[in-house]
Amino acid sequence: MHPTKITFYERFEPIILSGDKTITIRDEAESHYVPGTRVAVHTYETDRWFCDIEIGSVTPIQFDALNEEHARQEHLSLKDLKAVIRDIYPELDSLYVIEYRLISASQAG
Ligand SMILES: CC(=O)Nc1ccn([C@H]2C[C@H](O)[C@@H](CO)O2)c(=O)n1
């Protein structure tokens, strides 16, 4: 069964809902999303649903290969993106870029 839920840190909710953040970078454990499927997005902190996304693609990437295009898709500077990734995954070099598009959001979001 493919995964149908993903969590994001609450601080990223506004930028996800704006449609400006179109990728997330995760470890192997969270790499099993299937392109074309709908996934419910919840906050990591309180498990509150705030939107649904459709998965576009899942692509392996090495930390050192992260570039300005990934940063643009994350709506961060490359320096900040690398810092966020290193904060979440301190020792991990093998990562996955999950591309998505917003398909529906909560009224309150
Ligand atoms: C539990 C967990 O790992 N949750 C995550 C992981 C990543 N993100 C965000 C942070 C960055 O914008 C990208 C890159 O990983 O995805 C997150 O919100 N929650």
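With contacts defined as alpha carbon pairs under 8 Å and 6 or more residues apart, what's the relative contact order of the chain in percent?
Working: 202 pairs, mean separation 39.9, N = 109.
Relative contact order here is 37 percent.
Tell me what the chain gives for mean residue ellipticity at 222 nm when only DSSP H runs of n ≥ 4 count, each as -39,500 (n - 2.57), the sum divided by the residue total, rounded to 500 deg cm²/dmol.
Working: 3 runs with 23 residues, N = 109.
Helix contribution divided over all residues of the chain: -5500 deg cm²/dmol.
Charges only on Cβ, +1 for Lys and Arg, -1 for Asp and Glu: so what's the dipole of region 5-105 about the Cα centre, in debye to the nearest 20? Each step should come with its number before you reach the end.
Values: 11 positive and 19 negative charges, 52 e Å.
For this selection, approximately 240 debye.
Calculate the spin-label point distance for residue 61 paired with residue 86, positioning each point 7 Å from the Cα along the beta-carbon direction, and give it in nanometres.
That separation, rounded to one decimal, is 1.7 nm.
Report, by chain and number, residues whose modeled amide H sits under 5 Å from the one on residue 76, excluding near sequence neighbours (fewer than 5 apart, same chain).
Under 5 Å from the amide H of residue 76: no residue qualifies.
Counting other beta carbons within 10 Å of each Cβ, put 64, 27, 52 in order, fewest first. Spell out each step's value before the answer.
Details: 64 8, 27 13, 52 16.
Exposure proxy ranking, most exposed first: 64, 27, 52.
Considering all alpha-carbon pairs of the chain, what whole percent are spaced by more than 19 angstrom? Present the calculation step by step, with values, prior to reporting the outcome.
Values: 2410 of 5886 pairs.
Of all Cα-Cα pairs in the chain, 41 percent lie more than 19 Å apart.
Compute the acute angle (0 to 90°) between the alpha-carbon long axis of helix 78-88 and the principal axis of greatest extent of the alpha-carbon atoms of the chain; round to the nearest 10°.
80 degrees
If a paramagnetic tag sat 7 Å from the Cα of residue 48 along the Cα-Cβ line, which residues of region 82-109 would have the backbone N under 14 Å from that point?
Under cut-off, by backbone N: 106-109.
Expressed as a whole number of Å, what is the distance separating the alpha-carbon centroids of region 62-89 and region 35-56?
Distance between centres, Cα-based: 21 Å.
Would you grab the residues whose amide H sits under 5 Å from the one on residue 56? Only those 5+ places off in sequence or on another chain, please, with H modelled 1.01 Å from N.
Amide H neighbours of residue 56, under 5 Å, 5+ apart: 36, 99, 100, 101.
Every number in this text was worked out from the coordinates using simple rules, so none of it is lab data. Since this is a predicted model, take the numbers as computed values, not measurements. For neighbour counting, all protein chains shown are included, and Cβ atoms are generated from backbone atoms with ideal geometry for every residue, glycine included.
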